[in-house]
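Student: First the structure, which I've put down as structure tokens, then a few questions once you've had a look.
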Amino acid sequence: MSTTSTAPAAIRHSRTAVTASAIDVRNVHRQFGVMPALRGVSLVVETGTVHALLGPNGAGKTTLLRILTGLVAPTSGDVLILGEPLGARGLQSRIGFIPSGDRSFYLRISGRENLVFFARLHGIRRGEARGRADAALASVGLADAARLRVGGYSHGMQKRLSIARALLTDPEVLLVDEATHDLDPDGAVRVRELVAELAARGTTVLWTTQRLEEIRGFADRVTLLRAGETCFSGTVAELMTHAIPRRYLLRIRNGVPDARMLTAKLQDALGARGTITPDGSSEHFLLALRDEAVLGEAIAALTSDDVDVLTCREEQSEIEEAFLNLTRAASE
């Protein structure tokens, strides 16, 4: 899917001038009985950017989103959205929300009828509601399915319908809760592309996820929560500095009887690109690459020295390593 915007003009409305920070969360606490869900969380999301909110289960991601949507009030702390405090008049219509596991559509009526219904709930006149519904359906690639019953939609189509509903008010801020966690890879890519198009047009996106690999090349900044606290905030590149070197498990045809001799031979061939160590058998070795090293060049260096590399498998992604290192450190 192209990332060039094809959204019809009907959902491109003039925007009120906003501050540089579309979302400003300062020292927010939220207590449920005796259980703290958020412990002094602060977060700034710049206008027109995609900000990823990461964290393990129970980290407080959904609680924070519920506060930002107005479903839950913070116990203490300050929240500004588009320069306005929570509950400000007219603010709700400027915020779009894409929930995880959306079950609020009426399955016996069409996608278009669903969107017209929800547009009317926002106080939009019937004629305009129909126009906005058609525009939103076209923007997410559902124009051909507009008159089909939602009960016949695939899961990916229903997720795109959730995005279409969020577009009905042309939101300036879009809150997305685990939008791709139950989609296949192709469906996940399509959803990210749709959201990236919105951000390119100036929409501010707060995107919660546990699919760590999807934030590279997609998110502008990242905030990592653990046990209701912020344990990292910065760019994806800065997050990567918390990762150990990239690691790959190699299976090598062993033509040298002495394991130490083979290890020395492999390290000499690899040079300064990284380190290589035995991994529990005479054929398996763990390759750790330095930041600037390229995997293909490292493998080529080994094979050019008559090393027969049979298989190569990444042990763990850099982002996953950084995520685990930061969340473990926060728990110690």
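Student: Would you say ARG130 is of a type in the set (D, E, K, R), surrounded by fewer than 20 Cβ atoms within 10 Å (Cβ to Cβ) and not in a loop (DSSP other than H, G, I, E, B)? Don't jump to the end; show me each part of the working.
Tutor: Details: of a type in the set (D, E, K, R): yes; surrounded by fewer than 20 Cβ atoms within 10 Å (Cβ to Cβ): yes; not in a loop (DSSP other than H, G, I, E, B): yes.
Yes, satisfied.
Student: Would you call LEU250 surrounded by 13 or more Cβ atoms within 10 Å (Cβ to Cβ), touching a Leu at 6+ places or on another chain (Cβ under 9 Å) and modelled with pLDDT of 85 or more?
Tutor: For LEU250, the condition - surrounded by 13 or more Cβ atoms within 10 Å (Cβ to Cβ), touching a Leu at 6+ places or on another chain (Cβ under 9 Å) and modelled with pLDDT of 85 or more - is met.
Student: What is the residue count in the range 161-203 for residues that are polar (S, T, N, Q) and in a helix (DSSP H, G or I)?
Tutor: Number satisfying all stated conditions: 1.
Student: Report whether or not ARG147 is surrounded by fewer than 18 Cβ atoms within 10 Å (Cβ to Cβ), assigned to a loop (DSSP other than H, G, I, E, B) and in the same structural domain as LEU64 (by TED's automatic domain parsing).
Tutor: Answer is yes for this residue.
Student: Now for a separate question. Condition first: farther than 28 Å from ALA199 by Cα and β-branched (Val, Ile, Thr). Now tell me which residues in the range 23-65 satisfy that.
Tutor: The one that is farther than 28 Å from ALA199 by Cα and β-branched (Val, Ile, Thr): VAL34.
Student: Just to be sure before I move on: is PHE118 crowded, with 18+ Cβ neighbours inside 10 Å, over 21 Å from VAL28 (Cβ atoms), assigned by TED's automatic domain parsing to the domain that holds ARG26 and modelled with pLDDT of 90 or more in the structure I sent?
Tutor: yes
Student: Report, by residue number, each residue of the range 206-219 that is in contact with a Gly (Cβ under 9 Å, 6 or more places away or on another chain) and crowded, with 16+ Cβ neighbours inside 10 Å.
Tutor: Matches in the range 206-219: THR208 only.
Yes or no, residue by residue, for (1) assigned to a helix (DSSP H, G or I); (2) β-branched (Val, Ile, Thr); (3) on the phi > 0 side of the Ramachandran plot:
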residue	(1), (2), (3)
PRO36	no, no, no
ALA59	no, no, no
GLY101	no, no, yes
ARG112	yes, no, no
ALA119	yes, no, no
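Student: Can I ask one more? For ARG94, are the conditions met, namely being surrounded by 17 or more Cβ atoms within 10 Å (Cβ to Cβ) and among the basic types (Lys, Arg)?
Tutor: yes
The values are calculated or read from the model by the stated rules, or taken from the named source; none is laboratory data. Note that the structure is a prediction, hence the values are computed from the model and not measured. Positions of Cβ are backbone-derived with ideal geometry, glycine not excepted, and every protein chain shown enters the neighbour counts.
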